[in-house]
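Let me begin by presenting the structure, written as structure tokens, before commenting on it.
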């Protein structure tokens, strides 16, 4: 009897230990699932706002999209590879977000003040997703804005293109810079992080 009781107690303790361990693994898995896949700003900081000419005919500011996740990319419409690849990825992610897409705004800011007019940005972005909004301004405005975000851009003498930073910024609904997504990530990475920032 004593042996059976002892065995029973041991069994109950063992089962309890296994359940606790299992619960810990589940908690760890959930915590891992909630981590952003982009590199996080720690601590988050207010995203530098701006006032540019928008490709939708309105003034383009971050304040316009308060309450939404804003995905900010810097580039230029003549970019041969990186910009169109990233925009195609963002277009796919926007589609895959389903109903949540209404709460995610892609903003594309040109580094080419000379050639990227409002009309050119509008036509270019429409090929990817008509909800994407582009922004342009004076050379001084764009240079200052790039500096505030830590974006590098340099004109290439031969060919008229630019070498520029390729990472994409994620701004949360409160207007804070939360993460920096490296070039080459998948649509699923953007969907994953956007939903976390939306609390979904």
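The values are calculated or read from the model by the stated rules, or taken from the named source; none is laboratory data. Every value quoted in this text rests on a predicted model; they were computed, and no experiment measured them. As a convention, Cβ positions derive from the backbone with ideal geometry for all residues, glycine included, and neighbour counts pool all protein chains shown.
I'd like to check which strands (runs of 3 or more DSSP E) are fully inside segment 144-193 and have at least 1 residues that are in contact with a strand residue (DSSP E or B) (Cβ under 7 Å, 6 or more places away or on another chain) and more than 26 Å from residue 116 (Cα to Cα).
Details: elements: 153-155, 162-164, 168-171, 176-181.
Per the criteria, 176-181.
Looking only at residues that are buried (at least 19 other Cβ atoms within 10 Å of the Cβ) and either at pLDDT below 95 or touching a helix residue (DSSP H, G or I) at 6+ places or on another chain (Cβ under 7 Å) (or both) in segment 136-164, which one is nearest to residue 200 (Cα to Cα)?
151
Among (1) at pLDDT 95 or above; (2) surrounded by fewer than 17 Cβ atoms within 10 Å (Cβ to Cβ); (3) assigned to a loop (DSSP other than H, G, I, E, B), there is one condition residue 129 misses while meeting the rest; what is its number?
(2)
Would a scan of segment 43-63 turn up a residue that is farther than 18 Å from residue 150 by Cβ, out of contact with any helix residue (DSSP H, G or I) (no Cβ under 8 Å at 6 or more places or on another chain) and surrounded by 21 or more Cβ atoms within 10 Å (Cβ to Cβ)?
The answer is yes, given that some residue of segment 43-63 is farther than 18 Å from residue 150 by Cβ, out of contact with any helix residue (DSSP H, G or I) (no Cβ under 8 Å at 6 or more places or on another chain) and surrounded by 21 or more Cβ atoms within 10 Å (Cβ to Cβ).
Select from segment 114-126 the residues that are at pLDDT 95 or above and under 19 Å from residue 50 (Cα atoms) and list them in ascending order.
116, 117, 118, 121, 122
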